[in-house]
Each structure stands twice: as C-alpha cells, then as structure tokens.
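Only one structure is covered here, and it is reproduced in the block below.
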Amino acid sequence: MCLKVTKSCRLKNRTIYKVHVRPRQNLFHYICPLTNLILALKNLLLFALLSAATHTFAQDGKLPLDAKNNISYTDSGQPKLRKSELHQKIRGWVEKKFGNAENAITSDDTEAGIVLITSYIPVIHSQYQYVRFDLGVQYKDNQYEARITTLDGVSAEHSPVRLNGKENDDIIAKEQTVKTESNRKKRKDAEVELQMSKADNDGISTSLYNLLADLKNYIAKPAAE
C-alpha cells in the first residue's frame, strides 16, 4: 500500500497530520491499459490504411475463401484494350511493382492469355512482416480477371506458415469464447485476443486488395502516362 501524509490543522502550536492509506495497484492494473493502448494504436494504423484503400471490402476479420475453402482474393476489369496490349500492361505493372518481371513472373503463356506471379508484400500483422502470394491474371480482348490464391505468412523468426481456412476457424472459436465466458477478466482477455486476430486478418486483406486495385489502376491509365 502507499502512504500519503498531509497537514490537517494546528492545535496549540502542534501540527496534526493525517495519514491517507491507498491500496497498491496490482500488476494487471498497469498491464491491461497498456495492452489496450497497443491494440488501439494498431487498429488506428490499420484504419488509416483502410481509409486510403482504393478497393473496399467487408471487414469481418475473416479471410475470403472460395467454395473449396481455399484463399481467394479476386478482381476483374473490362478495359478497352486488345489482348496483346493487356499483356504488355500486366508485365509493365509487375516490373513497376516488384522491380524485376523475370523474377516475379513464374509463367507467361501469351497464347492462353495467362500470367502467373509469385512475390511478397508487406503486411500489418502481429506475427508476420510479409505475405508470399500467388497471383494469376487471365486476360483476353477487353477483359481480365486477377486472382490471389496461395498465401504464406513470412517472418524473420520462423519458417513461412501457410494461411488458409484455419485463420477463420480461429476467429469463430474466439467469438464463441467471448459469448460463453462468464468470468469478467477472462472474457475481457478473450475480447482483446479476438480483436487482435481480426486486425491481423484485416491487415492481410487490406494489403492484398490494394495490390489488386493497383493493378487495375495501372491497366486503366493511358499508355502515355
């Protein structure tokens, strides 16, 4: 406990002091606000990225999956460009975005109209600094479709980790814990963990949807720019 001494009054040339006893704050009193502050700052940074994003998406804290439960970020466009022009645009974007098209492009089939790209993109995440992704772009006259499938979380501290439906299963399990936990402290801890997991997934989605939007903007701009 903490003691605080203050002057109270004077009585016959004697000063009377009052001693105030304040209970010592436990460790949780300091840790909990710090955890909430870190989470708030992380969400603030993520919100700034989302506000600047050119592609909007539903922020439910889950990664988008296809019918087979595989990661699937998709986008498409209908630019007024011939197939050959779209091919040049896609390669030009890869060169601009990743520095070396030969290193990033793993397959370039001009007859089928398919370009496959494997590269890395930075993300805001509590465990990973980058995400390695596979991006396929299928194109023909006046039309293209882009799809990001395979994702690996990359960190300097451990080997790459494959990202898939288990990230969403983790969110669902934590949501259930928040609903059923009766202990106030444990429920609060579970809520913090849930929000951090959702922020991690939204951080990945923000980076990847912005990547697809960047491709669309590059294809749409006039060739003279």
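Read the figures in this text as sums done on the coordinates, not as results from a lab. None of these values were measured; they are calculated from a predicted model. So basically every Cβ, Gly included, is an ideal-geometry build from the backbone, and we count neighbours across all protein chains shown.
The set of residues in segment 184-225 that are touching a Pro at 6+ places or on another chain (Cβ under 9 Å) and small (Gly, Ala, Ser) comprises Ser205, Ser207, Ala220. Being of a type in the set (D, E, K, R) and surrounded by 17 or more Cβ atoms within 10 Å (Cβ to Cβ) is the filter; apply it to segment 126-151 and report the residue that is nearest to Ser207 (Cα to Cα). Taking the candidates together, the pick is Arg132.
Being closer than 15 Å to Ser207 by Cβ and surrounded by 18 or more Cβ atoms within 10 Å (Cβ to Cβ): is that true of Leu163 here? Judged against the criteria, Leu163 is a match. Once segment 190-225 is narrowed to residues that are acidic (Asp, Glu) and under 14 Å from Trp93 (Cα atoms), the residue that is farthest from the chain's Cα centre (by Cα) is Glu225. Checked against the criteria, Phe98 does not count as within 21 Å of Leu65 (Cβ to Cβ), aromatic (Phe, Trp, Tyr) and surrounded by 12 or more Cβ atoms within 10 Å (Cβ to Cβ). Taken over segment 105-144, residues that are farther than 28 Å from Ser159 by Cβ, assigned to a strand (DSSP E or B) and of a type in the set (Asp, Glu) amount to 2. Does Asp202 count as without any contact (Cβ under 8 Å) to a residue 40 or more places away in the chain, surrounded by 16 or more Cβ atoms within 10 Å (Cβ to Cβ) and in a helix (DSSP H, G or I)? The answer is no for Asp202.
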